[in-house]
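Everything on this sheet refers to the single structure shown next.
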Amino acid sequence: MASNKECLIIVLDVRQCASEEFKLKSVKCIAEIIKDKIVGSRKDYVSFVLVGAERTMNDLNEKDENACLNVVQYPCTQLCTWQLLLSFYKFINETSSDEGQWLDGLAVAMSLQEQAVVLKCQRQRILLFFDFNHMPQQYEDYTNITNNLLMSGIELIVSTHNIVYIDNAENNEPQAIFQASPKASSLELDNQKHALQLVSHCNASLCNFKEALGSIFKITNRRPWVWNAKLHIGNTISLSLQGIIAMKNERFLKLEKKWAEDNEQVSREEHYSVKGKEISVLPEELIDGYMLGGTAVPYDDTLVEPEPAHPPGLHFVGFAKRSSIPDAYFCGDSLYMLVHQKGNTTSARKLDALVKAMLLQKSVIVGWKIYSAKLNKPRIVVLLPQEPTETRPAALYMLEMSYQHQLQFWDFPALRTDKTECSTEQLDAVDKLIDSMDLECTLKNSQQPRKQRQNDLLPFDQLPSIHEQNVMDVLERKVLDQNRSDKQFELMLRDKNFVDKFWRVPEAIEQTSKHAAKVVKALFPLEQSHAWLEKLKAREREENELPPVKQEQEESNSDIAIDCIGLVTPAQDYKQLLQKVRSITNTTQKDAQFQSTAAQMRLVILTLLDRKKLNLVELGELLDIYRKSCLEFNSFAEYNNFAAELKQRATERDLQEFWRIMVDQQLGPLVLGEPTLDDEIRLQAYYELVFPKMEEDDDVL
């Protein structure tokens with residue numbers, strides 16, 4: 001079983017100029033981290049680094065006496081214990097000064113992480129507590145240290161006391177910023193600027209003390225004690241699941257089995273007695289065998305021949321009523337919980353539907369489980385459905401059944417099912433339709449700084465939607481005036497414009513909803529879709545490597561109005577659709593129509609990019625046309641996200657020739673106005689792409 005242990009190096013600011021509030025809260029936060037790790041993470045290693053001490057004691061300073069001054073490191077990296085907590089309280093009582101660089105503290109922490117490689121920890125993290133105040137800091141080694149952090153894969157978490165959160169307008173995700181202060185000096189603003197740049201330079205996390213505790217113990221990429229499982233129903237249905245040990249009966253007393261004493265002699269019997277009379281037999285009459293207690297058992301060659309191994313996994317036998325299985329039949333030392341495999345949305349939907357059906361019918365699944373190919377002993381198990389909640393997906397509890405003999409198993413024939421699985425495009429279309437009708441998310445003010453990372457969807461001081469506020473005002477007025485006649489309210493109800501006044505959806509949301517509904521109707525057609533059929537035929541022609549006849553297509557379709565982009569002449573189709581978009585006078589409708597057309601263009605580009613033989617000239621032309629259109633319609637964020645997706649696909653599939661087209665034609669992210677130095681650095685980092693095969697060739701050379 002893989003260990004989940006980590007090595008955490010905590011860097012703490014103890015300078016005299018740091019505020020007392022910062023020092024007290026940081027020490028309290030570190031103490032809470034140590035105590036939680038003592039209880040819940042017995043294999044985690046922790047060490048400390050102090051920045052701003054009067055003396056200097058660290059490994060880097062021993063190699064170079066001018067390096068990392070006023071930085072003191074803890075003597076060793078060790079497991080979290082109560083003695084470590086007491087030692088930490090003594091360690092932070094170092095005599096402090098006003099000198100000390102937080103970059104030097106990071107350098108010492110990275111050296112401690114390099115020494116901790118022998119511990120074979122699964123994660124390496126550095127937690128920096130620093131007061132980015134008005135005291136000057138040196139940033140000559142800023143780029144080198146951040147690059148080393150990024151290349152080493154060490155996760156950096158930066159925490160301080162004056163951090164608040166706003167929603168990023170581009171991705172609608174919480175973004176950490178420093179709380180604005182009118183008394184902030186230029187040096188303090190410069191220190192805060194370099195701290196914010198850590199997020200983009202080395203993927204650091206910037207947070208306050210409350211969020212730091214959540215970041216340390218939040219692990220999203222792993223489940224404890226997980227083993228993969230396959231639930232086979234018949235011969236065709238298979239669900240990819242993951243098993244988790246929900247409860248385990250741990251005992252430290254080990255029992256040893258002994259079949260015989262050490263001095264016991266084993267010999268072959270050549271005579272026996274019947275009623276006190278000894279009988280001898282001839283050598284040819286003797287057979288091989290053994291004694292089981294007082295019974296002679298003949299030896300059989302077929303008993304030692306290994307039986308064919310059962311396939312590992314979870315196998316379905318049938319459904320049974322929960323009331324038909326007594327609780328006394330359950331046994332085993334552990335309780336297992338089966339959930340969908342992480343990241344497998346298809347398995348999640350299937351399991352959710354299965355659990356709901358079992359709960360409705362009050363039934364369970366009877367099956368048998370093979371834990372591994374080596375330990376090939378089948379176990380009869382029962383799967384109990386567990387209803388999903390807000391914090392837990394649909395799950396199945398697996399309990400073993402108590403039977404003396406588990407040798408009889410059956411394979412049922414395949415169940416007849418129809419394919420009803422939705423595609424990713426269809427699910428995304430339904431999600432967009434739901435999101436487009438959400439008034440709360442589109443009209444709330446997300447630029448007000450807050451102390452928490454996540455925004456409160458319904459705060460007590462205000463309602464997120466002005467339309468809901470109007471409705472609540474009307475209802476409140478109605479309740480207050482229910483015992484007396486209200487002519488004004490009665491006239492308002494009689495007014496024909498009452499519905500339009502209080503219930504009319506804003507024009508932008510109405511247009512977005514209509515467009516999303518149109519996409520859903522196209523992806524869930526009740527009749528044959530000619531556009532889908534045209535794309536399918538074009539894809540079949542491309543797979544058969546038929547030469548495209550572009551001129552004939554242009555002549556035949558020159559007078560035909562198109563509604564979508566095909567795979568035969570995508571550039572021409574996109575230009576025709578752009579002409580339609582430019583002819584729209586309503587700005588909201590124009591933007592909505594362009595977003596729909598741009599989404600089709602992105603899908604066509606990704607489809608062409610997934611082919612075995614790439615038409616690089618056509619891809620370069622399509623990307624150039626699409627990039628210029630995004631520049632024309634101010635769609636910078638959508639193109640930059642698409643450019644990042646192209647880079648990821650090029651890296652995963654090793655598309656070196658395609659990436660040369662991206663670099664030569666400068667088809668990277670868009671920049672608004674004259675590019676700044678940060679923009680040039682970001683673009684240079686985007687175009688500098690190293691492929692895995694290129695790295696292998698460099699290693700060989």
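Quick notes on this structure:
- Conditions (1) farther than 19 Å from residue 159 by Cβ; (2) open to solvent by 10 Å² or more (accessible area, probe 1.4 Å): number failed by residue 92: (1)
- In region 43-66, the residue that is surrounded by the most Cβ atoms within 10 Å (Cβ to Cβ) out of those that are out of contact with any Ser or Thr (no Cβ under 9 Å at 6 or more places or on another chain) and not in a strand (DSSP E or B) is 44.
- Per-region count, region 279-331, residues at pLDDT below 70 and under 56 Å from the mean Cα position of the chain (by Cα): 7
- Applying the criterion of being open to solvent by 70 Å² or more (accessible area, probe 1.4 Å) and over 14 Å from residue 641 (Cα atoms) to the residues of region 594-614, the residue that is modelled with the lowest pLDDT is 612.
- Residues of region 332-352 that are surrounded by fewer than 17 Cβ atoms within 10 Å (Cβ to Cβ) and over 17 Å from residue 369 (Cα atoms): 342, 343, 344, 345, 346, 349, 352.
- Tally, over region 387-444, of residues that are modelled with pLDDT under 50, among the small types (Gly, Ala, Ser) and either under 23 Å from the mean Cα position of the chain (by Cα) or outside any loop (DSSP other than H, G, I, E, B) (or both): 0
- Look at (1) free of Cβ contacts under 8 Å to residues at least 24 places away in the same chain; (2) more than 30 Å from residue 244 (Cα to Cα); (3) open to solvent by 30 Å² or more (accessible area, probe 1.4 Å) and you find that residue 19 fails only one, number (1).
- Residue selected from region 228-251 under the condition open to solvent by 60 Å² or more (accessible area, probe 1.4 Å) and at pLDDT 70 or above, by the criterion nearest to residue 156 (Cα to Cα): 228
- Tabulated pairs, region 359-379, first farther than 20 Å from residue 239 by Cα and without any contact (Cβ under 8 Å) to a residue 60 or more places away in the chain, second part of a loop (DSSP other than H, G, I, E, B) and open to solvent by less than 40 Å² (accessible area, probe 1.4 Å), C-beta under 9 angstrom, 6+ apart or interchain: 377/406
- Subset of region 356-384 that is of a type outside the set (A, V, I, L, M, F, W, C) and modelled with pLDDT of 90 or more - its residue that is surrounded by the most Cβ atoms within 10 Å (Cβ to Cβ): 363
- The one condition in (1) at pLDDT 90 or above; (2) buried (at least 21 other Cβ atoms within 10 Å of the Cβ) that residue 37 fails to fulfil: (1)
- Of all residue pairs spaced 6 or more apart or on separate chains, those with beta-carbon atoms under 8 Å, a first member in region 310-331 that is within 10 Å of residue 369 (Cα to Cα) and without any contact (Cβ under 8 Å) to a residue 60 or more places away in the chain and a second member that is open to solvent by less than 80 Å² (accessible area, probe 1.4 Å) and part of a strand (DSSP E or B) are 311/370.
- Across region 61-77, the number of residues qualifying as in contact with a helix residue (DSSP H, G or I) (Cβ under 6 Å, 6 or more places away or on another chain) and more than 18 Å from residue 93 (Cα to Cα) comes to 3.
- Filtered by the rule that a residue be assigned to a loop (DSSP other than H, G, I, E, B), in contact with a Leu (Cβ under 9 Å, 6 or more places away or on another chain) and among the β-branched types (Val, Ile, Thr), region 70-86 gives a lone residue, 77.
The values are calculated or read from the model by the stated rules, or taken from the named source; none is laboratory data. Note that the structure is a prediction, hence the values are computed from the model and not measured. Cβ: placed from backbone, ideal geometry, glycine included. Neighbour counts: every protein chain shown. Note: accessible area is taken over every heavy atom of the protein model, side chains too, but ligands, DNA and RNA are not part of it. Shrake-Rupley method; radii C 1.70, N 1.55, O 1.52, S 1.80 Å.
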